[in-house]
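The values are calculated or read from the model by the stated rules, or taken from the named source; none is laboratory data. Computed from a prediction, not measured in an experiment: that's the story for all the values here. Neighbour counts run over all protein chains shown; Cβ positions are idealised from the backbone, glycine included.
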Amino acid sequence: MALPIVKYGDPVLRRKGERVGPVTDEIRDFVALMLDTMADARGVGLAAQQVGRAIQLAVVDVRGVKDRPSQLWLDGAEASVDAFMPLVLIDPVIRPTGEKVKGPEGCLSFPEIYGDVERPGEVEVSARNEQGEEYRFKAGGLLARAIQHEVDHLNGVLFIDRMDAESRTEAQPDIELLMAATRKVLRK
């Protein structure tokens with residue numbers, strides 16, 4: 001079952017998520033719904049805010065994306081990205097590292113709106129999974145970009161806030177139309 005995805009203009013997208021704390025059956029069920037929703041929407045990431053809950057929980061799955069490679073390191077050794085997917089990030093803490101890289105981004109909460117965003121090329125991550133177990137890893141490429149994008153969501157930051165000036169100017173009319181349409185729906 002897929003949950004409805006919140007669109008830009010809904011205030012929940014700007015809310016910083018509360019820590020999840022203990023992982024309960026309700027949280028595990030919510031994770032399953034988020035994974036179904038992300039897969040149904042053909043996304044590579046989804047934050048709880050995007051389905052209407054302001055908590056520190058996101059899911060990521062970059063399997064199948066061949067034109068934008070990802071890297072993963074566990075305990076300093078390169079590991080299979082596909083074997084580690086899908087990722088469940090509960091109460092994540094990240095430390096971006098590496099050279100900044102400009103790349104295209106989109107967002108399920110901004111259908112058909114894309115822009116260039118500069119982000120560090122690698123990120124160190126500490127989070128808990130749906131079993132409540134803490135894990136750590138380092139990611140690069142698209143996986144690092146997707147994790148940073150989703151953790152931004154968890155803190156009420158949107159990719160349009162990080163777009164370069166040219167992309168933002170180009171996307172602005174579509175962003176304003178989306179916001180107006182969303183607010184009209186919310187008023188009903």
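Here are the numbers for the structure shown:
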| read-out | value |
| --- | --- |
| In segment 101-112, the residues that are more than 15 Å from Asp10 (Cβ to Cβ) and not small (Gly, Ala, Ser) | Val101, Lys102, Pro104, Glu105, Glu112 |
| Segment 14-42, residues that are over 16 Å from Gln131 (Cα atoms), over 14 Å from the mean Cα position of the chain (by Cα) and among the β-branched types (Val, Ile, Thr) | none |
| Filtered residues of segment 7-44 (kept if β-branched (Val, Ile, Thr), surrounded by fewer than 20 Cβ atoms within 10 Å (Cβ to Cβ) and without any contact (Cβ under 8 Å) to a residue 40 or more places away in the chain) | Thr24 |
| Residue in segment 161-170 that is in a loop (DSSP other than H, G, I, E, B) and in contact with an Asp or Glu (Cβ under 7 Å, 6 or more places away or on another chain) present | yes |
| Some residue of segment 93-101 being within 17 Å of the chain's Cα centre (by Cα) and touching a residue at least 60 places away in the same chain (Cβ under 8 Å) | no |
| Cβ-Cβ under 7 Å pairs, at least 6 apart or on other chains, segment 45-70 side under 24 Å from Gly103 (Cβ atoms), far side hydroxyl-bearing (Ser, Thr, Tyr) and assigned to a strand (DSSP E or B) | Val62/Ser70 |
| Which listed residue is modelled with pLDDT under 95, in a strand (DSSP E or B) and farther than 23 Å from Arg14 by Cβ, from Gly121, Gly98 | Gly98 |
| Residue that is farthest from Arg14 (Cα to Cα), among those in segment 164-188 that are of a type in the set (Ser, Thr, Tyr) and in contact (Cβ under 8 Å) with a residue 24 or more places away in the chain | Ser167 |
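One line per residue, one yes/no per condition, for (1) β-branched (Val, Ile, Thr); (2) surrounded by 16 or more Cβ atoms within 10 Å (Cβ to Cβ); (3) in contact with a helix residue (DSSP H, G or I) (Cβ under 6 Å, 6 or more places away or on another chain); (4) at pLDDT 95 or above:
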position: Phe84; (1), (2), (3), (4): no, yes, no, no
position: Pro111; (1), (2), (3), (4): no, no, no, yes
position: Gly132; (1), (2), (3), (4): no, no, no, yes
position: Leu142; (1), (2), (3), (4): no, yes, no, yes
position: Arg162; (1), (2), (3), (4): no, yes, no, yes
